[in-house]
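K.L.:
Below are the C-alpha cells for one structure; questions will follow.
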Amino acid sequence: MNELDKKITYFGGLFKERLDDEMLQDAIGYVGHGERGLAFETICDHLSEYEVPISQTEYDLAVTICNDLKMDVNDVSLKHLRELIIR
C-alpha cells in the first residue's frame, strides 16, 4: 500500500462513527483493488449524501488527497463538503 492509499484509508476511517460502517468499508475497500480515485470519490459522495458534518482539518485533508489524485478541486463532491464544515 503506497502513501496515497494510506491517506485515503485514513481519511475514510475518520468517519467510522459518522457513517454506516459497512458502507464505509465498501468504499475504502476500493483502495485494495487499485481504485483509489473511486474510493475517495465514494467516501466524499457518502459524506455529501448523508450531510455528515466535517472539520476544517478533514476538509483540508480531502483537498490534499484530491490534489494528490490530480482531480479537480472544484468537483461537485468537494464543493458540497465545504458546506459541511463545522464552524
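Coordinate-derived values only; no laboratory data. This structure is a prediction, so every number in the text was calculated from the model and none was measured. Note: ideal-geometry Cβ built from the backbone for every residue, glycine included; neighbour counts use all protein chains shown.
K.L.:
Going by C-beta contacts inside 10 Å, put LYS7, LYS16 in order with the fewest on the left.
P.N.:
Ascending number of Cβ neighbours within 10 Å: LYS16, LYS7.
K.L.:
If you don't mind, another one. For ILE8, what is the net charge nearby, where nearby means another residue's Cβ is under 12 Å from its Cβ and Lys, Arg count +1, Asp, Glu -1?
P.N.:
Values: positive: LYS6, LYS7, ARG36; negative: GLU3, ASP5, GLU35, GLU41, ASP68.
In short, -2.
K.L.:
How do THR42, THR64 line up, fewest other C-beta atoms within 10 Å first?
P.N.:
Fewest-to-most ranking of THR42, THR64: THR64, THR42.
K.L.:
So which GluC sites (Glu not before Pro) in the chain pass both tests, a DSSP loop state and at most 12 other Cβ atoms within 10 Å of the Cβ?
P.N.:
Answer in residue order: GLU17, GLU51.
K.L.:
Taking θ = phi - 60°, what integer Hz values does the Karplus form 6.51 cos²θ - 1.76 cosθ + 1.60 yield along region 66-74, in sequence order, with x for Gly and Pro?
P.N.:
So the Karplus estimates, Gly and Pro as x, are 4, 5, 4, 7, 6, 9, 6, 5, 9 Hz.
K.L.:
Let me ask something additional. For HIS46, HIS33, HIS80, what's the fewest-to-most ordering of other Cβ within 10 Å of each Cβ?
P.N.:
Going from least to most buried by this count: HIS33, HIS80, HIS46.
K.L.:
Can you give the helix-only mean residue ellipticity at 222 nm for the chain, where every DSSP H stretch with n ≥ 4 adds -39500 (n - 2.57) and the sum goes over all residues, rounded to the nearest 500 deg cm²/dmol?
P.N.:
The per-residue figure over the chain is -19000 deg cm²/dmol.
K.L.:
Ok, one more. Please report the net charge: other residues with Cβ closer than 15 Å to the Cβ of ARG87, K and R +1, D and E -1.
P.N.:
-3
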